[in-house]
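Taken together, the values in this text are just the output of simple stated rules run on the coordinates, not laboratory data. Values in this document were obtained by computation on a predicted structure and should not be read as measured data. As a convention, Cβ positions derive from the backbone with ideal geometry for all residues, glycine included, and neighbour counts pool all protein chains shown.
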Amino acid sequence: MTQQQFEATLSEEAPPKDITKALAAMWYDGKGDWEQAHLIAQDIPTNEGSWVHAYLHRKEGDDWNANYWYHRAGRSMPDCSLGQEWKDMVQSLLGRRSG
């Protein structure tokens, strides 16, 4: 799936069935459903899950919590807009997708 194809699915009622949990969280965030995105992200025990969790807390405005999760993901808080980070993350997560 390409970035463009992923973004096109945002007009659907549910995320594509063949995506990872991290991408599903980003999908819900892209739909404006922070709560559902957060529920999914907090149950992903990987660096990717921590990265998504960090982004969501950054979006929420909780920089302390965001920094904690960025650290757990092995990353630093980026110096870009939230919109750009969302796009960069989706692109990266799509590239890591297996199967």
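Using only the alpha carbon atoms of the range 33-99, find the Kirkwood hydrodynamic radius as the inverse mean reciprocal pair distance, in angstroms to one decimal.
Numbers: mean 1/r = 0.0839 Å⁻¹.
Result for the range 33-99, one decimal place: 11.9 Å.
In the chain, the sites counted are trypsin sites (Lys or Arg not before Pro) in DSSP loop states with at most 15 other Cβ atoms within 10 Å, and the longest stretch holding none of them, exclusive of the sites, is 18-74. Taking 11 Å as the cut-off, the amide N atoms of the range 35-53 that come nearer than this to a point 7 Å along the Cα-to-beta-carbon line of Arg72 belong to 41-53.
Got a sec? How would Met1, Met89 order by Cβ neighbour count within 10 Å, fewest to most?
Values: Met1 14, Met89 21.
With the fewest neighbours first, Met1, Met89 line up as Met1, Met89.
Can you give the net charge of the other residues whose Cβ lies under 12 Å from the Cβ of Leu56, counting K and R as +1 and D and E as -1? With Lys, Arg at +1 and Asp, Glu at -1, the net is -4.
Scanning the chain for GluC sites (Glu not before Pro) lying in DSSP loops with no more than 16 further Cβ atoms inside 10 Å, the longest uninterrupted stretch between such sites is 14-99.
Mind pulling the angle between the C-alpha long axis of helix 63-72 and the longest principal axis of the chain? Nearest 10 degrees, somewhere in 0 to 90. Relative to the chain, helix 63-72 is tipped by roughly 70 degrees.
In the chain, the calculated helix contribution to ellipticity at 222 nm averages -19000 deg cm²/dmol per residue, counting -39,500 (n - 2.57) for every DSSP H run with n ≥ 4.
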